[in-house]
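The values are calculated or read from the model by the stated rules, or taken from the named source; none is laboratory data. Everything quoted here is computed from the prediction, not taken from an experiment. Here the Cβ positions follow ideal geometry from the backbone for every residue, glycine too, while neighbour counts run over all protein chains shown.
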Amino acid sequence: MNYSILAILSGCVLLLASAAAQTKPVSWTTPSAAEINAIYPEVESLYFDLHRTPELAMHEQQTAAKLADRVKAMGYEVTTGVGGTGVVAVLRNGKGPTVLLRTDMDALPIAEETGLSFASHVVVKSDSGTSIPVMHACGHDIHMSSWVGTAKLMATNRDRWRGTLVLIGQPAEETGEGAAAMIKDGLLTRFPKPDFALAIHDSAVQPVGQIGFTPGYALAAADSVDITIFGKGGHGGRPQNTIDPVVIAARTVLALQTIVSRENNPFDPVVITVGTIHGGTKNSIIPGEVKLQLTVRTYKPEVRKRVLASIERVAKGEAMASGAPKEPLVKVTPAANAMYNDPELTNRLVAKLRGVLGQANVVQVEPTMVFEDFAEFNLAGIPSADFWVGAVEPDKFAAAQQSGADLPQLHSSTWAPDYTPTLKTVMTVETTELLELLGH
């Protein structure tokens, strides 16, 4: 072969390879600080607006409209009114996995005491005419604002990932009914069914920049139990002529704790809390009935079933032992199922997040007995993962750790996330996770 021709051909191959390298899409595994800073002002503006104008569960009409309008303008296919006030935004971007990213939208009936310039002063009327103050005391305004930022980052960089992104704005997380309502309304049949489901939650027990994860059971199943104990009322000075339901109630409260301490495997977490006792009108009158209200927290379905049955057995047993005129009325109202983080998915995302945020900033945290209705997606057969994102100003967190002082917690009237770095961290976390699942 003529060596000059060979040289020319070799040069052409090198030029083509160079051109191919230049036209190949840039690897994008996480947004840069510059990209996040470019969209941050509008994310912050939305955060202030949502914080000032909170809405309670299943009343998130204006909140949902704000989210829907913004993602629709980005090119998402938007459907509103799913499961009540839910929003579904779909961005189809070629062949690939389908990933769902959820934000919750509802606020809490709490009067805000943060002193922030953008604090909520919203007061609404209940159906009975009672005035109810409303506040984003759980950080759902952080979730929503960063969700919109993540939506924009994904929409403007769709050349760097493939698949279908399903963003949902979910109502009524605080009451445990929103996720189930959206699924019942066809979330998983009317829209692309996800291969994975993702969520985050701000954390009041971690500093900004730290991410918490829990493979497996992470958040508890919750049930409300209402018990009405019946007695025989009468004069407080003649107890022998009565059957005192207050005494029965007192015995019942104490006996319920033995379900946890003596009937349950210590390695299966259970909490039985009697939150209220109502009975009687005057100190000299023995009432005819007493009402107890309980919250019950468990993880495993079999433990949940057994504990609820034991509560009913104990209540009826104490009433029978006291000669009550009739059995107690025991009503169980499920609030949420246990949140289970798919271990394989969780560990996959942890590895990616540690590569972006640093090994020390992505830490495993203990399960907690609070509830989260994001559990419904895992129960529907979708591998799911919910991560905690620290939202406490680092210096305040460090000082509290050293002094032992208490910091404001979620559901507190004084809870105020360190919003700027928290919003930026959430957008980084969400986008990194989505690109890990969609970017190959």
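Of the strands (runs of 3 or more DSSP E) contained entirely in the range 101-212, those carrying at least 2 residues that are buried (at least 24 other Cβ atoms within 10 Å of the Cβ) fall at 163-170, 196-207.
Report yes if some residue within the range 146-168 is more than 26 Å from T431 (Cβ to Cβ) and out of contact with any Leu (no Cβ under 7 Å at 6 or more places or on another chain); otherwise report no.
Initially, the range 146-168 is screened for residues more than 26 Å from T431 (Cβ to Cβ), giving none.
No: the range 146-168 contains no residue that is more than 26 Å from T431 (Cβ to Cβ) and out of contact with any Leu (no Cβ under 7 Å at 6 or more places or on another chain).
Looking across the range 326-357, just one residue is within 19 Å of G178 (Cβ to Cβ) and β-branched (V, I, T), and that is T333. Is the range 263-272 home to any residue that is under 35 Å from the mean Cα position of the chain (by Cα) and among the aromatic types (F, W, Y)? Looking through the range 263-272, at least one residue is under 35 Å from the mean Cα position of the chain (by Cα) and among the aromatic types (F, W, Y).
Here is a yes/no grid of residues against (1) of a type outside the set (A, V, I, L, M); (2) surrounded by fewer than 19 Cβ atoms within 10 Å (Cβ to Cβ); (3) in a helix (DSSP H, G or I):
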position: A38; (1), (2), (3): no, yes, yes
position: T80; (1), (2), (3): yes, yes, no
position: V90; (1), (2), (3): no, yes, no
position: G96; (1), (2), (3): yes, yes, no
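Would you check if there is a residue in the range 223-232 being outside any helix (DSSP H, G or I), among the small types (G, A, S) and at pLDDT 95 or above? Yes, the conditions are met somewhere in the range 223-232. Checking each residue in the range 51-66 for being in a helix (DSSP H, G or I) and small (G, A, S) picks out A64, A65.
Based on this model, can you work out whether T432 counts as in contact with a helix residue (DSSP H, G or I) (Cβ under 8 Å, 6 or more places away or on another chain), assigned to a helix (DSSP H, G or I) and buried (at least 24 other Cβ atoms within 10 Å of the Cβ)?
Details: in contact with a helix residue (DSSP H, G or I) (Cβ under 8 Å, 6 or more places away or on another chain): yes; assigned to a helix (DSSP H, G or I): yes; buried (at least 24 other Cβ atoms within 10 Å of the Cβ): no.
Here the answer is no, as T432 does not meet what is asked.
Sort through G75, G81 and tell me the only one that's assigned by TED's automatic domain parsing to the domain that holds D104, in contact (Cβ under 8 Å) with a residue 60 or more places away in the chain, within 23 Å of L187 (Cβ to Cβ) and not hydroxyl-bearing (S, T, Y).
G75
Based on this model, can you work out whether P417 counts as surrounded by 15 or more Cβ atoms within 10 Å (Cβ to Cβ) and in a loop (DSSP other than H, G, I, E, B)? Answer is yes for this residue. Taking the numbered list (1) farther than 20 Å from G139 by Cβ; (2) crowded, with 19+ Cβ neighbours inside 10 Å in turn, W28 passes all entries but (2).
Look through V392, V426 and report the one residue that is within 28 Å of M182 (Cβ to Cβ) and β-branched (V, I, T).
Values: V392 fails: within 28 Å of M182 (Cβ to Cβ).
Within the list V392, V426, the selection yields V426.
Step by step: first the residues of the range 276-326, then only those that are β-branched (V, I, T) and over 41 Å from the mean Cα position of the chain (by Cα), then the one that is nearest to T228 (Cα to Cα). Which residue is that? If you could, list the steps in order and put the result at the bottom.
Keep residues of the range 276-326 that are β-branched (V, I, T), which gives 276-277, 281, 285-286, 290, 295-296, 298, 303, 307, 311, 314.
Narrowing further to those that are over 41 Å from the mean Cα position of the chain (by Cα): 285-286.
Values: I285: 18, I286: 15 Å.
Ranking the qualifying residues of the range 276-326, first place goes to I286.
Between A399, A385, which is of a type outside the set (D, E, K, R) and either touching a residue at least 12 places away in the same chain (Cβ under 8 Å) or not in a helix (DSSP H, G or I) (or both)? If you could, list the steps in order and put the result at the bottom.
Working: A399 fails: either touching a residue at least 12 places away in the same chain (Cβ under 8 Å) or not in a helix (DSSP H, G or I) (or both).
Selected residue: A385, the only one of A399, A385 that is of a type outside the set (D, E, K, R) and either touching a residue at least 12 places away in the same chain (Cβ under 8 Å) or not in a helix (DSSP H, G or I) (or both).
Set side by side, the residues R297, R313 differ, and just one is assigned by TED's automatic domain parsing to the domain that holds V246 and touching a residue at least 60 places away in the same chain (Cβ under 8 Å), which is R297.
Exactly one residue among R297, R262 is touching a Phe, Trp or Tyr at 6+ places or on another chain (Cβ under 8 Å) and among the basic types (K, R), and that residue is R297.
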